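Undergrad: Can you read through this structure? Questions will come right after.
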Amino acid sequence: MKYPQILLQNRKPDRIATLEEYRQSGGYQALADILEKYSYKDVQEEILESRLLGRGGAAFPAGTKLMSVADDASFPRYIVCNADEMEPGTFKDRVLIHADPHMIIEGIIIAGYAVTAEKGIIFIRPEYESGAKILEREIDIARQSGYLGKNILDSDYALDIVVHRSAGRYICGEVTAQLSALMGKRPNPKQPPPYPTERGVWGMPTVLSNVETFACIPHIINNGPDWFKSLAKTETGAGTKIFCVSGKVKRPGFYELPIGTRLSEIIEEHAGGMRAGSEFKACLPGGASTQFLPKELYDIEMDFDPLREAGSRLGTGAIMVFDHKTCLVAATLNLIEFFARESCGWCTPCREGLPYIRDILWRIENGEGEEEFMPMLERMSKHLWSAYCAFAPGAISPLQGLLAHFKDEVLEHISQRKCPFK
Amino acid sequence: MLPKELRESLKDHIANIDHPRELAVDVMFTLQDHYGYLSDEAVKEAAELLEMTPLEVDEIATFYTFVYREPVGKYVIHVCDSVICWMDGYESIKDCLCTKLAINVGETTADGLFTLLPVCCIGYCDMSPAMLINRKVYGHLNPEKIDSILEKLKAEA
């Protein structure tokens, strides 16, 4: 099936869309309209009504977030675009920046207007240096065209955007850690309250959302909340989603599809099916911090609600596909290694728990497993939920999926005293 | 010591911003580019420029993957070892790099050209296995491709 391309409508195979090309597709019309006809509250209402949920992994309602900035909150207010995507399997922000940067810029300006922000920041990971350069150049172009700076399009609204380069750590994708990073502090997360929309960057109200979330906003303003909801295949869903598919499929890549498209369709039709000699065994549906989906859920609708009901999450929509020849104990060991390395080390459950779990999994994978390790893994997983931020519960998700759906595979490692895949 | 011109341009940049600390990473990157790595001297200079203590600078310098507090080669190879690249042959890519460069992971070649470091998912899972060299991406790696990349970089060095 072919579906309407919204976020990737101007994507070219070998270069970014220019400002002129973005304009020809209706770009910056939404900004002109809101500055002329909408109050900031109208914009908040439209976005809330559209049911746009945050695309960075946490699925927080974008409208609710904007509304949580109090009317009498202090100034200057900040709008922050999170382009730090480091969730393994995820590369949609990279694609969006290289496809149509002005769509993101316009989304930031409109969201900024909705909370009267005057300072915009795009926080970007060092691996995306080419993206950072593109954004800096296009922000300049937007400024010269009157879309940024003082008196945007001759209105009273003023906003400027800077690109903030990070030096690379997964935890910087977490909201409170990112705020610390922006202020040149060690990016350990902080536990709210205060929430960033009350006291964020330099103690000022700050709204932080993901690149893909911002990119949806101009289209919601142009076409209305009902149109946005109608894009989804599910009753409760809204919008399209850029699914990043990787692993044992024929065509790994990014596919903009309606929210709620079935996993089986994504893999078979869009990603070209499994590679020759590979059978679908499991996938992580939304990045490394989601639970494995087994073959029984191969037909699941890829939307926030159905995945939550299945005990997993849509996360970033990064579908990592594992085949029948891949050992999921070894895969989970790799994922836990990632999280153990990237843990900021601030709180004990995460700092101590992850290396401990890694050690147990390493032993199981290398033929030194004992049956008594199983309840230990269960217990340690629960302890990680008492960590300071969402990092540890995310880190433990693949392990919990492994124990829930592939317990026999783990037990086989223990009884055979070796990895059955080697 | 930093050349006067570089120091002045950083000072100008910092003077134009409300909170100098916001530029901590930019300043560390600039000094790292100049010295080849973020030396103790560079930490002190960054602290002075940013109105921070050297300890505060080191606190963030040691946190980040792409800030090097020890000497590195002219080319820093970050080879991705996260799950998709791992599934698609990270081990053999790493072994191939180690053999060709005659170093282990974490080491620098004797001629000072290459440093080899593992790195977490770099966001190029559609081109796995992948690596970054001085933050430029190389994907769909195999031994022949690695040969030609390394040869080209050696010739340019």
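Undergrad: So, of the residues in the stretch B:129-154 that are more than 9 Å from chain A (Cβ to nearest Cβ) and in a loop (DSSP other than H, G, I, E, B), which turns out to be most open to solvent (accessible area, probe 1.4 Å)?
TA: Looking at the filtered set, the residue picked out is B:His140.
Undergrad: Which ones in the stretch A:139-171 are in contact with an Asp or Glu (Cβ under 7 Å, 6 or more places away or on another chain), among the hydrophobic types (A, V, I, L, M, F, W, C) and over 22 Å from A:Asp84 (Cβ atoms)?
TA: A:Ala158
Undergrad: Follow-up question, since we're still on this one. Residues in the stretch A:287-300: is at least one on the phi > 0 side of the Ramachandran plot and surrounded by 24 or more Cβ atoms within 10 Å (Cβ to Cβ)?
TA: The answer is yes; a qualifying residue exists.
Undergrad: When you scan the stretch B:103-120, do you find a residue that is touching a Gly at 6+ places or on another chain (Cβ under 7 Å) and within 11 Å of chain A (Cβ to nearest Cβ), even just one?
TA: No, the conditions are met nowhere in the stretch B:103-120.
Undergrad: Okay, moving on. May I ask you to list the residues in the stretch A:85-118 that are touching a strand residue (DSSP E or B) at 6+ places or on another chain (Cβ under 6 Å), part of a loop (DSSP other than H, G, I, E, B) and either more than 10 Å from chain B (Cβ to nearest Cβ) or hydroxyl-bearing (Ser, Thr, Tyr) (or both)?
TA: Once the filter is applied, which keeps residues that are touching a strand residue (DSSP E or B) at 6+ places or on another chain (Cβ under 6 Å), part of a loop (DSSP other than H, G, I, E, B) and either more than 10 Å from chain B (Cβ to nearest Cβ) or hydroxyl-bearing (Ser, Thr, Tyr) (or both), the stretch A:85-118 yields A:Thr90, A:Val115, A:Ala117, A:Glu118.
Undergrad: What single numbered condition from (1) at negative phi; (2) free of Cβ contacts under 8 Å to residues at least 24 places away in the same chain fails to hold for A:Met86?
TA: (2)
Undergrad: Now for a different question. With the structure loaded, tell me whether A:Asn222 is of a type outside the set (A, V, I, L, M, F, W, C), surrounded by fewer than 23 Cβ atoms within 10 Å (Cβ to Cβ) and closer than 20 Å to A:Pro101 by Cβ or whether it fails that test.
TA: Here the answer is yes, as A:Asn222 does meet what is asked.
Undergrad: Quick one: would you say B:Val76 is in a helix (DSSP H, G or I) and either outside the structural domain of B:Ile93 (by TED's automatic domain parsing) or open to solvent by less than 30 Å² (accessible area, probe 1.4 Å) (or both)? Before you say what the answer is, go through the steps one by one.
TA: Numbers: in a helix (DSSP H, G or I): no; either outside the structural domain of B:Ile93 (by TED's automatic domain parsing) or open to solvent by less than 30 Å² (accessible area, probe 1.4 Å) (or both): yes.
Taking the combined requirement at face value, the residue does not satisfy it.
Undergrad: Mind telling me which of the residues A:Lys325, A:Lys295 ends up being over 24 Å from A:Asn210 (Cα atoms) and free of Cβ contacts under 8 Å to residues at least 24 places away in the same chain?
TA: Being over 24 Å from A:Asn210 (Cα atoms) and free of Cβ contacts under 8 Å to residues at least 24 places away in the same chain holds for just one of A:Lys325, A:Lys295, which is A:Lys295.
Undergrad: Ok, one more. List pairs: first residue in the stretch A:344-358 and at positive phi, second residue surrounded by fewer than 18 Cβ atoms within 10 Å (Cβ to Cβ) anywhere in the structure, Cβ distance under 9 angstrom, at least six positions apart or on different chains.
TA: Qualifying pairs under 9 Å: A:Gly345/A:Arg351.
Undergrad: Also: Does any residue of the stretch A:132-144 turn out to be within 14 Å of another protein chain (Cβ to nearest Cβ) and either in contact with a strand residue (DSSP E or B) (Cβ under 8 Å, 6 or more places away or on another chain) or polar (S, T, N, Q) (or both)?
TA: yes
Undergrad: Within the stretch A:311-351, restricting attention to residues that are open to solvent by less than 30 Å² (accessible area, probe 1.4 Å), among the small types (Gly, Ala, Ser) and in a loop (DSSP other than H, G, I, E, B), which residue is farthest from the other protein chains (Cβ to nearest Cβ)?
TA: A:Ser312
Undergrad: Which count do you get for residues in the stretch B:121-147 that are in contact (Cβ under 8 Å) with a residue 40 or more places away in the chain and of a type in the set (D, E, K, R)?
TA: 2
Undergrad: Kindly evaluate B:Asp126 against the criterion of being in a helix (DSSP H, G or I), in contact with a strand residue (DSSP E or B) (Cβ under 8 Å, 6 or more places away or on another chain), within 13 Å of chain A (Cβ to nearest Cβ) and surrounded by 15 or more Cβ atoms within 10 Å (Cβ to Cβ). Can you show your working first?
TA: Working: in a helix (DSSP H, G or I): yes; in contact with a strand residue (DSSP E or B) (Cβ under 8 Å, 6 or more places away or on another chain): yes; within 13 Å of chain A (Cβ to nearest Cβ): yes; surrounded by 15 or more Cβ atoms within 10 Å (Cβ to Cβ): yes.
Spelling it out, B:Asp126 is indeed in a helix (DSSP H, G or I), in contact with a strand residue (DSSP E or B) (Cβ under 8 Å, 6 or more places away or on another chain), within 13 Å of chain A (Cβ to nearest Cβ) and surrounded by 15 or more Cβ atoms within 10 Å (Cβ to Cβ).
Undergrad: Counting only residues that are touching a residue at least 60 places away in the same chain (Cβ under 8 Å) and open to solvent by less than 20 Å² (accessible area, probe 1.4 Å), how many does the stretch A:135-146 have?
TA: 2
Undergrad: Only one of these is open to solvent by 10 Å² or more (accessible area, probe 1.4 Å), in contact (Cβ under 8 Å) with a residue 24 or more places away in the chain and of a type in the set (Gly, Ala, Ser): A:Ala17, A:Ala30, A:Ala58. Name it. First the steps, then the outcome.
TA: Values: A:Ala17 fails: open to solvent by 10 Å² or more (accessible area, probe 1.4 Å); A:Ala30 fails: open to solvent by 10 Å² or more (accessible area, probe 1.4 Å).
Answer to the check: A:Ala58.
Undergrad: Tally up the residues in the stretch A:381-413 that are part of a helix (DSSP H, G or I), open to solvent by less than 30 Å² (accessible area, probe 1.4 Å) and not acidic (Asp, Glu), please.
TA: Qualifying residue count, the stretch A:381-413: 15.
Results for (1) open to solvent by 30 Å² or more (accessible area, probe 1.4 Å); (2) acidic (Asp, Glu); (3) within 9 Å of chain A (Cβ to nearest Cβ), shown as yes or no for each residue.
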site: B:Arg7; (1), (2), (3): yes, no, no
site: B:Asp18; (1), (2), (3): yes, yes, yes
site: B:Val25; (1), (2), (3): no, no, yes
site: B:Asp33; (1), (2), (3): yes, yes, no
site: B:Gly36; (1), (2), (3): yes, no, no
site: B:Leu49; (1), (2), (3): no, no, no
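To keep it simple, each residue is scored yes or no on (1) over 15 Å from A:Asn223 (Cα atoms); (2) among the acidic types (Asp, Glu); (3) assigned to a helix (DSSP H, G or I); (4) assigned by TED's automatic domain parsing to the domain that holds A:Glu269.
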position: A:Leu8; (1), (2), (3), (4): yes, no, no, no
position: A:Arg11; (1), (2), (3), (4): yes, no, no, no
position: A:Asp14; (1), (2), (3), (4): yes, yes, no, no
position: A:Asp42; (1), (2), (3), (4): no, yes, yes, no
position: A:Ala59; (1), (2), (3), (4): yes, no, no, no
position: A:Gly63; (1), (2), (3), (4): yes, no, yes, no
position: A:Val69; (1), (2), (3), (4): yes, no, no, no
position: A:Phe75; (1), (2), (3), (4): yes, no, no, no
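Undergrad: From the residues in the stretch A:153-178 that are of a type in the set (A, V, I, L, M) and open to solvent by less than 10 Å² (accessible area, probe 1.4 Å), which one is farthest from the other protein chains (Cβ to nearest Cβ)?
TA: As a first pass, look at the stretch A:153-178 and keep what is of a type in the set (A, V, I, L, M): A:153, A:158-159, A:161-163, A:167, A:171, A:175, A:177.
Adding the requirement that they be open to solvent by less than 10 Å² (accessible area, probe 1.4 Å) leaves A:159, A:161, A:167, A:171, A:177.
Working: A:Leu159: 16, A:Ile161: 14, A:Ala167: 3, A:Ile171: 9, A:Ala177: 10 Å.
Filtering the stretch A:153-178 for residues that are of a type in the set (A, V, I, L, M) and open to solvent by less than 10 Å² (accessible area, probe 1.4 Å), the one farthest from the other protein chains (Cβ to nearest Cβ) comes out as A:Leu159.
The values are calculated or read from the model by the stated rules, or taken from the named source; none is laboratory data. Computed from a prediction, not measured in an experiment: that's the story for all the values here. Positions of Cβ are generated from backbone atoms using ideal geometry, with glycine treated the same way; all protein chains shown enter the neighbour counts. Side chains are part of the model used for accessible areas, which takes the heavy atoms of the whole protein and leaves out ligands, DNA and RNA. Shrake-Rupley method; radii C 1.70, N 1.55, O 1.52, S 1.80 Å.
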